[in-house]
Amino acid sequence: MTLSRLDAGASTLVLDCGGEQLSLCYLGSRLPGHLDLNEIPRLIKAPTPHGELDCEVIAEGFPTMDGQSSAHPALVARRNHHALLTQLRVFNSVATESTLKIELRDDQAAVELQIEFRSTASGVFSSRCTIVNTASDTDLHVDWLASVHLQLPASYKDLERYGGFWANELLRERIALGQHAIETGSTRGRSSHQNFPTLVCGESGFSDEQKSVLLATLEWSGNHRLRVDPSPAFGHSLQAGVALQPGELKLTPGEQWQSPSALFALSDRGINGIRQQFKQYWFHRKGTGIGAIRPVHFNSWESSYFSHDAKSTLALIDAAHALGAERFVLDDGWMQGRNDIGRGLGDWTPCSERYPSGLGPIARHAQSLGLSFGVWIEPEMVTMDSQVAQQHPDWIISAEGYAPVSGRRQYLLNLCVPDVHEHILHCLDRLVKDCDPNYLKWDMNRDYAQVGFGGTSTPYAMTLAWYAILAEFRARHPTIAIESCAAGGARTDAGALAHCDRIWPSDSMDPLQRFLIMKHANTVFPPQLLGTHVGASPSSTSGAKLPLSTRCIIALLGHMGLELNPKVLSDSDQSTLRRWTTFYKAERSSLANADFHYLDELEPGLESLLVYNNDDSRGLLFVLRRAYPAHAQPPTVRLPSCVANTRFDLELLNPEDADFVQLSNDWHRGGKVSVSGDTLHQVGLKTPFLRFGHCALIQLRPNQDW
């Protein structure tokens, strides 16, 4: 018996690599360093019940189609047109402080597998697998290879997953774990609006603040599959990996394939503990400094849509500057022939009539006012009126013998063709030379169709090709930041963030929807790297009419921006926008390092969130009324323990949104009150009375006299 442990933050993973078959012995809270690991398998060994094969039941570390295990296989393969039986056995393992590499082999099946676990100080683990065809004369077809296979703690009884549709992504679904498998995934070519490639499992009734949970997410922007199965060793197991088309992955003799990584983390403090671990993970990985400046965006899309030219855009830049914007992003519609969604994609030259001098004068005007400049692009797409589509119809994805399938009257370029790769980079280089942007909004507005099916590309290869284009562009232009957008949130995934600097999680700027979208995206991504903008009323997507103050306050929950038409704003509205952009600038350095503590629901439709910076003891308490009140009295909210042992000056920053009462607490009407953090934690505070659609923002600052 050779037991190997890997520690990440407050968690420990223990695997038995000494027996013939790899087994997982422990996954949970960090074990003491002096613990004798050999005690674990002796104490938890599972009996073999009646009705089963005469095989020892273990918590398999990587089950396969071995002819005897009833576990869902983490590897499904074929050779010579038949299912391949694989009995992978451990023949080597190497452990360091932060890595565990395990090599498994089946000489009869001519397959080798390498599993690599990595740990980080943040508490986030990663796992990936490499499969090798060791046969000398036959191909190996791989139908499924999990990036990770985990035996979940037996106490885990609930599962949470997130999905939805355009402009209403990341809706939460809670499911009880039972006798049947639960699977989620996407075969749309993108990680998709419908299925966020993430699962959260935990103890029965786990919440944002309470109980033990595990989150697993796939670092991949394409087709994916995540599933939870009942385990023969009791409890459940979890797998995550690329969803492969039949025949998509063929390994010739000696060839190997490496899966994308899966990331996972555990918390005994509910989902908030997961959020904090992933925040530290991404900050370390991306090199995002604590005081990183996140300029207030102004995005032109909902100001003018396709109706703009050089004159109107210059005026819009002036208006954006007056409202407090620090970056101007020229969205869709600047290209030659681009008057609607079905025209003008593929050539990426400025319209000679609307922008006769190119985008350079626009960028320089923004920069003269102190604004940086960004541009919208969608370089994976073409429309049929473009020169590139007419000159290179063979670059367009289609299945042989079938007409290509459009989406928004646009078509997919085959990114796996080297000339397409170079065409896209050439167009982007030309754009950079024209207007010297420091920011690109990279959009991708349609699902894949007809990719694969024996053609010159596959869904897996297309995703890798997108990553390769991004990597090459970054090598050429390392100072330009890139936002991942795909009709809003269809590429909200860890793979996209690994290659980009900002995620646009939804096209909905309805603050009631946006609060939950940000909350659920924040399970994996730091809010600081998620764009969130102040939109118009009524909302362009939901049609909801909501107060400007609520729209501004919810925009503080991420990387703040403005996306509305200044021409229709009253003087009062403009003043409100300036107030909150000024507030964001003053607070963003503190917000950048703050932890997001979503508080458990006090009543249906009332959301509360404490954003708290442990370093400077500054916090913001958000209380949002998403549904009509269920009671005449607003509830009392208790703040988490992070506020204990500190005295604060507490102030409601928008008392005008909480004035619909006859009598109220003094501090509900404005002004500061000195209060102990211990009181806020142990007793709590009465939230202001809020009408539907209103949000209260309560600021906590350390009392200087304490």
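Set the Förster radius R0 to 35 Å, insert the Cβ-Cβ distance between L314 and E422 as r into 1/(1 + (r/R0)^6), and round the FRET efficiency to 0.05. Intermediate values should be presented prior to the final figure.
Numbers: r = 34 Å, r/R0 = 0.96.
It comes to 0.55.
Straight-distance candidates among the lysines for linking to K279, with alpha-carbon spacing under 16 Å and chain neighbours fewer than 8 residues away dropped: K519. Evaluated at q = 0.12, 0.20 Å⁻¹, a Debye calculation over the C-alpha positions of segment 189-295 (equal weights, vacuum) places log10 I(q)/I(0) at -0.58, -1.17. Its alpha carbons considered, segment 523-594 gives a radius of gyration followed by a Dmax of 12.8, 39 Å.
What fraction, in whole percent, of alpha-carbon pairs in segment 8-72 exceed 15 Å separation? Mind dumping the intermediate values first?
Working: 1217 of 2080 pairs.
For segment 8-72, the fraction of Cα-Cα distances above 15 Å is 59 percent.
Membrane-span-like helices in the chain, defined purely by DSSP H runs whose alpha carbon atoms cover 24 Å or more axially and whose average Kyte-Doolittle hydropathy reaches -1.0, are 418-435, 459-476.
Please give the direction-averaged projected area of the C-alpha convex hull for segment 406-501, in square nanometres with one decimal.
Numbers: hull surface 25.7 nm².
Hull-based average projected area comes out at 6.4 nm².
The HN-Hα couplings worked out from phi for segment 97-102 by the Karplus form 6.51 cos²θ - 1.76 cosθ + 1.60 (θ = phi - 60°) are 4, 10, 9, 9, 10, 10 Hz, whole numbers, x standing for Gly and Pro.
So how do 642-649, 182-189, 468-475 stack up, highest first, on mean other-Cβ count within 10 Å? Spell out each step's value before the answer.
Details: 642-649: 17.9, 182-189: 19.9, 468-475: 15.5.
My ranking of the peptides, most packed first, is 182-189, 642-649, 468-475.
Evaluated on segment 651-703, the Kirkwood hydrodynamic radius is 11.9 Å, with distances taken between all distinct Cα atoms.
Counting helices only, and only those DSSP H runs with n ≥ 4, report the 222 nm mean residue ellipticity of the chain as the sum of -39,500 (n - 2.57) divided by its residues, in deg cm²/dmol to the nearest 500. Walk me through the intermediate numbers first.
On the way: 13 runs with 143 residues, N = 706.
After summing the helix terms and dividing by residue count, I get -6000 deg cm²/dmol.
Once C-alpha pairs closer than 8 Å and six or more residues apart are averaged by separation and normalised to the residue number of segment 155-204, the relative contact order reads 51 percent.
The largest accessible area among E112, E656 belongs to the first residue in E656, E112, and the rest follow in falling order (1.4 Å probe, all chains). The residue among V148, V296, S231 whose Cα reaches farthest toward the positive pole of the charge dipole of the chain, with charges on the beta-carbon of Lys, Arg, Asp and Glu, is V296. Across segment 134-210 the C-alpha pair distances fall into 10 Å bins from zero in the proportions 14, 37, 29, 13, 6, 1 percent. Each residue of segment 387-403 was assigned a 3J(HN,Hα) from its phi angle through the Karplus expression (A = 6.51, B = -1.76, C = 1.60, θ = phi - 60°), giving 5, 5, 5, 6, 7, 9, x, 6, 7, 8, 5, 7, 8, 4, x, 10, 5 Hz with x at Gly and Pro.
Can you give the translational diffusion coefficient of segment 488-618 in µm²/s, computed by Stokes-Einstein from the Kirkwood radius over Cα pairs at 37 °C and 0.692 mPa s?
Values: Rh = 15.5 Å.
Using the Kirkwood radius from Cα pairs, D works out to 211 µm²/s.
Relative to the compact globular guide of 2.2 N^0.38 Å, what is the alpha carbon radius of gyration of the chain, as a ratio?
On the way: Rg = 26.8 Å, N = 706, 2.2 N^0.38 = 26.6 Å.
Dividing the Cα radius of gyration by 2.2 N^0.38 Å gives 1.01.
Each principal axis of segment 1-140 carries a Cα extent, and these read 49, 37, 21 Å when sorted largest first. Close amide-amide hydrogen proximity is noted between S147 and A240, G241, V242, each under 5 Å apart and 5 or more residues distant or on a separate chain (H modeled in the peptide plane; Pro and chain starts excluded). Computed from backbone phi, the HN-Hα couplings of segment 177-192 come to 6, x, 8, 10, 5, 10, 10, 9, x, 9, 10, 8, x, 10, 5, 5 Hz, rounded to whole numbers (Karplus: 6.51 cos²θ - 1.76 cosθ + 1.60, θ = phi - 60°; Gly and Pro given as x).
Add +1 for every Lys or Arg and -1 for every Asp or Glu among the other residues with Cβ under 9 Å from the Cβ of Y448, and state the total.
Details: positive: R188, R190, R446; negative: D447.
Charge balance near Y448 sits at +2.
For segment 242-351, the Kirkwood estimate of the hydrodynamic radius, built from every pair of different alpha carbons, is 19.4 Å.
As a calculated quantity, the FRET efficiency between L35 and V94 at R0 = 22 Å, using C-beta atoms, amounts to about 0.50. Database remark: amide H of F298 closer than 5 angstrom to the amide H of E326, R327, F328, V329, L562 (H placed geometrically; neighbours at sequence offset of 5 or more, or on other chains; Pro and chain starts carry no H).
For the chain, a simple Cβ point-charge model (Lys and Arg +1, Asp and Glu -1, everything else neutral) yields a dipole of about 1480 debye relative to the Cα centre. Taking the three principal axes of the alpha carbon atoms in segment 449-535, the coordinate ranges are 44, 34, 23 Å, sorted in descending order.
The values are calculated or read from the model by the stated rules, or taken from the named source; none is laboratory data. Keep in mind it's a predicted model, so treat the numbers as computed, not measured. Don't worry about glycine lacking a Cβ; one is built from the backbone with ideal geometry, like all the others, and counts go over all protein chains shown. Protein only, heavy atoms only, side chains kept; ligands, DNA and RNA dropped before computing areas. Shrake-Rupley method; radii C 1.70, N 1.55, O 1.52, S 1.80 Å.
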